[in-house]
Amino acid sequence: MTTIDRRKFLAAAAGTAGLSALPVRRARAQAAEFQLKWATNSPITFPTNVRALEAIEQIRADTKGRVDIKLFPNNQLGGDTDMLSQTRSGAIDIFCLSGLILQSLVPLAGINGLAFAFKDYEHVWAAMDGELGAEVRGAIEKAGLHPLEKMFDNGYRNITSSTKPINTAADLKGFKIRVPVSPLWTSMFKAFGASPASINFSEVYSALQTKVVEGQENPLALIQIAKLYEVQKYLSLTGHMWDGFWTLINGKRWAGMPKDIQEILTKRINDAAVKQRDDLRRLSNSVEIDLKNKGMIINNPDGASFRNALNKAGFYADWKGKFGAGPWAKLEKYSGKLG
């Protein structure tokens, strides 16, 4: 296992698949007062990690070396559920995790991923930087984790397949699809009549390669960076849900840091998240063409058929009951009427 420390990579050009980095000298005059581990599940070139490394440099400078953070990208410290457990125990200090996977611990955290809830990014960020995000953060705090205010973007998710294009909801009947370890994902694809299998992202490529599952769903940028096009032939632009990463800090670790250190971490990581959103937007604009050039067959499915299937299956009514009337009202303030 290798460690990516704050000085090992510096982005040469943020927001592109070809982001490069430069190795630099790691010598330190003395040990930092606060030495933190920051874990992610995405490849080092993904915009989240590029901006994280930038924030790490800025935090070290702002604290005059009192805080030293090492970044562990690409599931180096385990799968999502394992790293969440480590963050709760304090073995990991900072962890970027999808709200939908966090849902296994904090049920409300999956609300942003409700199928077809947000029609565009204007509504996404209004909700997650506003009342809905505040509601979710309150629930996360109760689980012993400190969430920062600004989410990193992971993008709208689309379905890929090795066997056939997905044009309508009917094409998902019996379809073996990998989903993250999350109740909402499993529920949604069962409502479509698919056969979802919960698999951590660290195992996705091999599961597709060995045909354990036929397909998976992820944002375009991650499909490209993780080279899923090597084991998938079809890309269906379903845009069925929006997904983002909360920055989670171990609650006891956070409480043990002085206020000035907390303020610097908050400012620099929140700033990194806002910059990453634009990076991912620019990256995603070029990815579709690149995936097509790499041999993927791309189609634009009938979105109405998916929403109708979910309504028929009682998907929205079920999740309204699970999330509760209060949070649901905050969601519909930004999404409009669901179900």
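Where a number appears in this text, it was derived from the coordinates with a stated rule and is not lab data. The structure displayed is predicted, hence computed values, not measured ones. Note that we place each Cβ from the backbone using ideal geometry, even for glycine, and neighbour counts take in every protein chain shown.
What residues from the range 64-86 fall in the zone where the backbone N is under 12 Å from a label point 7 Å along the Cα-to-C-beta line of A197?
Output list for this probe position: empty.
Ratio of the range 235-339's C-alpha Rg to 2.2 N^0.38 Å, to two decimals?
Working: Rg = 19.8 Å, N = 105, 2.2 N^0.38 = 12.9 Å.
So the range 235-339 has a normalised radius of gyration of 1.54.
If you consider only alpha-carbon coordinates, what radius of gyration and Dmax does the range 47-107 have, in Å?
Cα radius of gyration and Dmax of the range 47-107 are 13.1, 39 Å respectively.
Please give the net charge around N200, taking every other residue with its beta carbon less than 14 angstrom from that of N200, where Lys and Arg add +1 and Asp and Glu add -1. Mind showing how you got there, number by number?
Values: positive: R178; negative: D80, D82, E203.
Around N200, the surrounding residues sum to -2.
List the residues of the range 152-186 whose backbone N lies under 16 Å from a point placed 7 Å from the Cα of N308 along the Cα-to-Cβ direction.
What the label zone holds, given the 16 Å backbone N cut-off, is 167-173.
So for the range 112-251, considering every pair of alpha-carbon atoms, how many percent are separated by more than 24 Å? Don't skip to the answer; put the middle values down first.
Working: 3318 of 9730 pairs.
Tail of the P(r) past 24 Å holds 34 percent of the pairs.
Express the relative contact order of the chain as a whole percentage, based on alpha carbon pairs under 8 Å and six or more residues apart in sequence. Intermediate values should be presented prior to the final figure.
Details: 649 pairs, mean separation 78.2, N = 339.
After rounding, I find 23 percent.
Over the chain, with a single point scatterer placed on each C-alpha, what log10 of the ratio I(q)/I(0) does the Debye formula yield at q = 0.11 1/Å?
After summing over all Cα pairs, the log10 values are -0.70.
Could you tell me which of rounded, prolate or oblate describes the range 82-147, using a ≥ b ≥ c as the square roots of the eigenvalues of the alpha-carbon gyration tensor, with rounded for a/c under 1.5 and, failing that, prolate when a/b is larger than b/c and oblate otherwise? Don't skip to the end; give the middle numbers.
Numbers: a/c = 2.30, a/b = 1.97, b/c = 1.16.
Since a/c reaches 1.5 and a/b is larger than b/c, the shape of the range 82-147 is classed as prolate.
Among the aspartates and glutamates, which have Cα under 13 Å from the Cα of K252 when same-chain residues fewer than 8 positions away are ignored?
Partners within reach: D93, E141.
If you take the beta carbon distance between Y121 and Q30 as r and set R0 to 56 Å, what does 1/(1 + (r/R0)^6) give as a FRET efficiency, to the nearest 0.05?
Values: r = 44 Å, r/R0 = 0.78.
Given R0 = 56 Å and the Cβ-Cβ separation, E is 0.80.
Taking θ as phi - 60°, what are the ³J(HN,Hα) couplings along the range 260-274 by the Karplus curve (6.51, -1.76, 1.60), each to the nearest whole Hz, with x for Gly and Pro?
Once rounded to whole Hz, the list reads 5, 5, 4, 5, 5, 4, 4, 4, 5, 6, 4, 4, 4, 5, 5.
Using a Cα-Cα cut-off of under 27 Å, which lysines could be cross-linked to K211, ignoring same-chain neighbours fewer than 8 residues away?
K164, K173, K176, K190, K227, K233, K292, K294
Grab the other residues whose beta carbon is less than 15 angstrom from that of K190, score K and R as +1, D and E as -1, and report the net. Intermediate results must be reported in sequence, preceding the final value.
Details: positive: K173, K176, R178, K312, K322; negative: E217, D318.
Its environment carries a net charge of +3.
What size of dipole, in debye to the nearest 20, comes out for the chain about its Cα centre when the only charges are +1 on Lys and Arg C-beta atoms and -1 on Asp and Glu C-beta atoms? If you can, show how the numbers build up before the last one.
Details: 44 positive and 33 negative charges, 82 e Å.
For the chain, the charge dipole is close to 400 debye.
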